[in-house]
Each structure stands twice: as C-alpha cells, then as structure tokens.
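*Asks:* Below are the structure tokens for one structure; questions will follow.
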Amino acid sequence: MSEGDLGSLLGGGRHAAFVWWSYAIGAATLGLLAIQSIFWSRRLKRQLAALEAAQGAPEAQETRR
Amino acid sequence: MSAIGMSPARRRKRVRMQLVIGGVLALGAAVVLTLTALEENIAFFHGPTGVVAGDVGEGVTFRLGGLVKDGSVTQIEDGATHQFIVTDQAEDVTVQFRGLLPDLFREGQGIVALGELNAQKIFIADEVLAKHDETYMPTEAVEAMKRAGTWRHGEDGPESGPKSGSENGSDSNAGYGADQSTGDTQ
Amino acid sequence: MHRFANPARFMRVAERLLPWFLGLGGILLLAGLYQGLIASPADYQQHETVRIMYLHVPAAILAQGFYFGMALGSASFLIWKHPLGDLMARAMAPVGAALCFICLVTGAIWGKPTWGTYWVWDARLTSMLILLFLYFGYMALANAFDDPSRGHKPAALLAVVGVVNIPVIKFSVYFFNTLHQKSTLFAEGGPSMDPDMLLALMLMLGALGFLATAMAIIRLRGEMTVVKLRAARHGLNRHDDATQDVKHEETTR
C-alpha cells in the first residue's frame, strides 16, 4: 500500500478500466435481478390479495401479507 | 433391511431415492469414462515432450504449451518476428511468432501458442497466450524479494518460487513439467 | 428435518433471517470493496486486474454452490415429493445463473489483459459455460408449463442430472491441460496468495454469499405466492359466481 492514500486503482493503475468494467457489470447484473425479484414478488402478492378479496373468503384475508 | 414391514408409500420413496442416486452415479461414471477417453482431445495444449515425440503430425494446427526458456527470446532479421524456445524442462521446441506478444510474456513465463510445425520442426505460431499461474503477490513484495536476491522467477529449483505454495518449485510452471503434469493432479 | 420441510414454517424462518442476511451482506460488501479496490495491493504480474478476482472467484464458487443446492432441492422433490425442495430450486436458479454469468463475463474481461484473449475453449471455461446453459435450461423447463405437474418434474430431473458438471468444473484444471490456472484457494499447502488479497477475496465471498441468499429468499417468497395464487384461482373456478369481478385475470385457458 505504498501507492498513497487512495490506493493504486483509484490512482489510475495499469489496466484499471478492466476492473471498473467487471465491477460495473457485476453490480448491474445483481442489481437488475434484485429489482426484478422484488417487483415480481410484490406483483404476485397484489394479485393474490385481489383474488382473495374477490373471493371474499374471510380466512384468506388474514393470511395475506 | 427387509422391505416387508414397509408401507407401500415408503417403499416407493425408497425406490425413487435409489433411482435418483443410482442414476446420478451411473451418469457420473459415464461422464468420467467419456472424459478419460477424450482426455487427449480435451487437452487445451500439448507439451514439448509430446510434440518432440511426434504426437502431432506436420501441418496440423495445434496448441503448444510450456515455459519460455530463459535467454531464448530473440527477434529474427525482419525485426517483427519473435523467436523463442518453449520448454517443459525436458524437451525444447523453437517457436516463431509474428505479432504482438501478451503483456505477461517474458522469459520463464508459461505460454500457450496456437500454430503448426514446419518442415524444420519450428513451431510457427499464429497466436500466443500467456498462461497465468495460481500465485498472487503484491508488486512491492516481489521487488523486495528481488532486492534481497530471493526472487527467481521461472527457474526450476526447490526454493525458486516466491512462496512454497507450489510444490514443484517454480511459481509459473505448475502443470508444465514433463514429469509434473501428472504429479500434481492427485 | 421434516419439520422444516413445511414451506410455510420454512418461509417464516427465512423471512426472519432476511434482514440479517441483507445487513451482513451489505457490511461485508462495503468492507470487501474497500479491501479489494483500495486497500489491497496490485499484483506483480496482473497489476490492477487481480482485483477482478475478488468478484470472479466468489461468483464462481457461489454459482456452483447454488447449483448444488438446486440439485439437492430437486432431488428431495423427486424422492419425497417435498414441494419445498422444488420451490427452493426454482428460487435459487435465477440467482445462480446471474452469478454464473458474472463469473464468465469478469473472467473474460480478466483474460484479455492477462492471457491475451477474452475466451478460449479449454475444459474449465467450457464446463462453466455449460453450467450457465444448465441454469437456463432449468429455468426454461420449470416455467414452460402453467400446470406444475408437467414442467416441474422434468426440470427437477435436469437439475439433478446436471450436477455431474460440478465436479467436472472443479477438477478440469487438474485433469486436463487448461489455459485456466489451478485453484489458489484450495491449493495444497494453503492458498498461494498474499494475505491482503486473500482477505479481500474472503470478504467478497461472504458479501456475495449473504446477498445472494437474501435474493433467493425474496424469490422464494414469490414462488410461494405463485402456489397460493394457483390454489386461489383453482378455488375461484369452482365458485363461478365470484369470477365476474376478476375477469382480467386469465383464469380460463
């Protein structure tokens, strides 16, 4: 760690761009999957809630959420 | 372990378990046998010993893997063609390559070259790839070792590696030596 | 063991663990990124690109681990008809596929400056690509049919059969001549790696492990809702008078 406080990568070390690309693609992949997973799961829950409300089954009301 | 006292449902479960486990084992055995049979074809490169012994015929394109011999890298007369010797510490093959060498290319480095042998048994390479080893060291540590004289990259010898992690000595020839490629697979 | 095979009970435990996994994963991620990108030194040969390893290796380990988990879940589904095993496998597949994709892409980006090429067809790279295709195949098969009794069993069978690829990936670098180097982490005589680099690798492995598991729990929640939704629609079809309110739902096929 003799490269100074910032570290050699932020200091523009050799091949730094390859590192940034790797982490950017990793973050984008996991980020997109996380967003998709959360919205998909929420949409299903809403559909279930709507269906149960339509059925009007009182015992179904308590299991939702 | 008689199945007589078992309910039909439990017996069915046991049969299914045996089917799944047996199926995976049988398939695993088939894969192992296939891969063993195809080992030569799946091998990404041939070593110098095999090439000198005539494993690959003339005019056949193949990959040659080994270490760049110390002191063997030269440029031949046209100024753009590199010539060097690839060795596995047992046999040598001379390689000529016209083009840009990878960053990691240096004497003692493991490389894999794609090309073919000519009539003079010189390997004419179209592509040279550097093979990385599994040793990771900070630049500073290597420089410190170079100053202390304990750094001997790519040479063969019991204490030549930067760490004793690779048992065949040199840090970058793991898997290259003629007698080592089997030694470190077990 | 069978106590946890109850999907609802398992989900309650998983939901309680979820915030902890997210928190731990987040903390480890920050520490790992700091250690990997800033505090750890550059490599003597690869220079900065050694830092790609801190993402590449955890992604590779977890992609294989998730596949193994998927195969175990699918096997328990095939043998004991545990619906939980099937649901877990379905929840893990996209997460494992994403990790496998990250492993392949970061490996290619690392390969260009190090080897001189993005891709070669050696045994390690090819078997890892096959793992990605196994993930895709499983997901395609598992979602090909609305009727769970049709697609689920073939998909589970594919997951179980594909598990033979895992040892092939692991041992490809020892068994065949490959361009890919041998394992550093599991080298005999301990990892041949600088301690600062090893720490970065371990922090990132922990971070991605917790975050990927958290993501699988969120997906498991979704898969459980799919089952409930299917059951609710089934009940709805029996009470025809109630269907008028939810005409937009494609309950009739």
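Every number here is computed from the coordinates shown, using simple stated rules; none is lab data. On a predicted model such as this, the values are computed, not experimentally measured, just so you know. Virtual Cβ from ideal backbone geometry, glycine too; neighbours counted across all protein chains shown.
*Asks:* Summarise the partner chain shielding of A:35-43 as one whole number: the mean count of Cβ atoms from other chains within 10 Å of each residue's Cβ.
*Replies:* Details: counts 0, 5, 12, 5, 1, 8, 9, 4, 2.
Across A:35-43, the average partner-chain Cβ count within 10 Å equals 5.
*Asks:* With point charges of +1 on the Cβ of Lys and Arg and -1 on the Cβ of Asp and Glu, referenced to the Cα centre of region B:8-98, which listed residue (B:MET17, B:LEU38, B:VAL60) lies farthest in the positive direction of the dipole?
*Replies:* Of the listed residues, the answer is B:MET17.
*Asks:* Pairs B:LYS69/C:LYS112; C:LYS112/C:LYS182; C:LYS112/C:LYS170; B:LYS146/C:LYS182; C:LYS153/C:LYS182; C:LYS81/C:LYS228: which are spaced more than 27 Å apart, C-alpha to C-alpha?
*Replies:* Among B:LYS69/C:LYS112; C:LYS112/C:LYS182; C:LYS112/C:LYS170; B:LYS146/C:LYS182; C:LYS153/C:LYS182; C:LYS81/C:LYS228, the Cα-Cα distance tops 27 Å for C:LYS153/C:LYS182.
*Asks:* B:LYS146 to B:ILE21: extension gain in nm, 0.36 nm per residue of separation minus the Cα-Cα distance? Don't skip to the answer; put the middle values down first.
*Replies:* On the way: separation 125, 0.36 × 125 = 45.00 nm, distance 5.42 nm.
Full extension of this stretch gives 39.6 nm more.
*Asks:* Another question, then. With 10 angstrom as the radius, rank C:TYR44, C:TYR54, C:TYR34, A:TYR23 by how many other C-beta atoms surround their C-beta, starting from the fewest. Walk me through the numbers before you get to the answer.
*Replies:* Working: C:TYR44 22, C:TYR54 30, C:TYR34 14, A:TYR23 19.
In increasing order of surrounding Cβ atoms, one gets C:TYR34, A:TYR23, C:TYR44, C:TYR54.
*Asks:* Compute and list, largest first, the equivalent-ellipsoid semi-axes of region B:8-119 from the alpha carbon gyration tensor, each √(5λ) rounded to a whole angstrom.
*Replies:* On the way: eigenvalues 460, 44, 27 Å².
The answer is 48, 15, 12 Å, longest axis first.
*Asks:* Determine, for each peptide in C:64-76, C:195-207, the mean count of other beta carbons within 10 angstrom over its residues, then list the peptides with the highest first.
*Replies:* Values: C:64-76: 23.2, C:195-207: 20.5.
Taking the mean over residues of other Cβ atoms within 10 Å, the ranking is C:64-76, C:195-207.
*Asks:* Run the dipole for region C:141-241 about the Cα centre, Lys and Arg Cβ at +1, Asp and Glu Cβ at -1, nothing else charged, and hand back the magnitude in debye, nearest 20.
*Replies:* Computed charge dipole of region C:141-241: roughly 360 debye.
*Asks:* Another question about this same structure. Fewest first, what order do C:LYS112, B:LYS131, B:LYS121, C:LYS182 take by the number of other Cβ atoms within 10 Å?
*Replies:* Working: C:LYS112 15, B:LYS131 27, B:LYS121 11, C:LYS182 19.
Going from least to most buried by this count: B:LYS121, C:LYS112, C:LYS182, B:LYS131.
*Asks:* If the only charges are +1 at each Lys and Arg Cβ and -1 at each Asp and Glu Cβ, what is the size of the charge dipole of chain C around the Cα centre, to the nearest 20 debye? Walk me through the intermediate numbers first.
*Replies:* On the way: 21 positive and 16 negative charges, 139 e Å.
Computed about the Cα centre, the dipole is about 660 debye.
*Asks:* To continue, here is another question. Report, in order of residue number, the helices in chain C meeting two criteria: a C-alpha extent of 27 Å or more along the helix axis, and a mean Kyte-Doolittle hydropathy of at least 0.0; treat each whole DSSP H run as one helix. Mind dumping the intermediate values first?
*Replies:* Working: long enough: C:7-34 (39 Å, 1.00); C:53-80 (39 Å, 1.25); C:83-114 (47 Å, 1.07); C:123-142 (28 Å, 1.65); C:195-238 (65 Å, 0.81).
Helices meeting the span and hydropathy rule in chain C are C:7-34, C:53-80, C:83-114, C:123-142, C:195-238.
*Asks:* Let me ask another. Looking at C:ALA156, C:ALA216, C:VAL50, which one has the Cα that reaches farthest to the positive end of the dipole of region C:2-246 (charges on Cβ: Lys, Arg +1; Asp, Glu -1)?
*Replies:* It is C:ALA156.
*Asks:* Just counting partner chain Cβ atoms within 10 Å, what average do the residues of peptide C:32-42 show around their Cβ? Provide the component values of the computation, followed by the final result.
*Replies:* Values: counts 0, 2, 1, 0, 4, 8, 9, 2, 6, 11, 13.
Counting Cβ atoms of other protein chains within 10 Å of each residue's Cβ and averaging gives 5.
*Asks:* Taking region B:1-105, which chymotrypsin sites (Phe, Trp or Tyr not before Pro) meet the DSSP loop condition and have no more than 10 other C-beta atoms within 10 Å? Write down the numbers at each step before the final one.
*Replies:* Working: sites: B:PHE44, B:PHE45, B:PHE62, B:PHE84, B:PHE97, B:PHE105; in loops: B:PHE44, B:PHE45, B:PHE105.
Passing sites in region B:1-105 do not exist.
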